[in-house]
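Remarks on the structure that follows.
The values are calculated or read from the model by the stated rules, or taken from the named source; none is laboratory data. Because the structure is a prediction, the values reported are computed rather than measured. With ideal geometry, Cβ positions are generated from the backbone for all residues, glycine too; neighbour counts draw on all protein chains shown.
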Amino acid sequence: MPLVIVGTLLLLAKVFEFGPFANWSWWIVLAPFAMAVLWWQFADTTGWTQRRAMEKMEQRKVDRREKAMESLGLSRRRERQATKATQEKARNISADPTMQADTAPPSDFGRQDPRL
């Protein structure tokens with residue numbers, strides 16, 4: 001795409017005789033278009049454009065899946081935050097000299113038994 005933009009700008013400068021571009025040869029002005037065609041041919045024959053399209057589609061799938069999990073309340077980010085909060089709480093309890101090990105709440109405090 002950048003080659004097409006450069007080619008278009010050179011073409012407009014040549015047509016409207018802007019600055020030094022008015023004296024340039026047409027071959028130089030049209031060369032970016034030829035290079036763009038060669039690049040597209042190379043990218044299509046090697047499968048580069050198809051791979052990029054597939055990668056983009058896979059990323060959309062992952063994003064959509066993560067958004068759905070987050071809307072259900074099952075996001076990975078939430079799990080990491082909960083783990084980090086639990087670790088921070090344990091660190092604070094162990095650092096506090098007034099808290100004894102026997103007075104610390106159990107790690108599953110506040111959770112319900114899944115069988116209930």
Please report, ordered by residue number, the helices (runs of 4 or more DSSP H) entirely within the stretch 1-106 with at least 2 residues that are modelled with pLDDT under 90 and aliphatic (A, V, I, L, M). 48-71, 76-95
Pairs only if they're at least six apart or on different chains, beta carbon under 9 angstrom, first in the stretch 38-54 and free of Cβ contacts under 8 Å to residues at least 40 places away in the same chain, second among the charged types (D, E, K, R); list them, first residue then second. Ala43/Arg52; Gln50/Asp44
Give the residues of the stretch 24-51 that are in contact with a helix residue (DSSP H, G or I) (Cβ under 6 Å, 6 or more places away or on another chain) and under 15 Å from Val6 (Cβ atoms), sorted by residue number. Val29, Pro32, Phe33, Met35, Ala36
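Every residue, every condition in (1) among the acidic types (Asp, Glu); (2) surrounded by 12 or more Cβ atoms within 10 Å (Cβ to Cβ), yes or no:
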| residue | (1), (2) |
| --- | --- |
| Ala22 | no, no |
| Ser25 | no, no |
| Phe33 | no, yes |
| Asp44 | yes, no |
| Ala53 | no, no |
| Val62 | no, no |
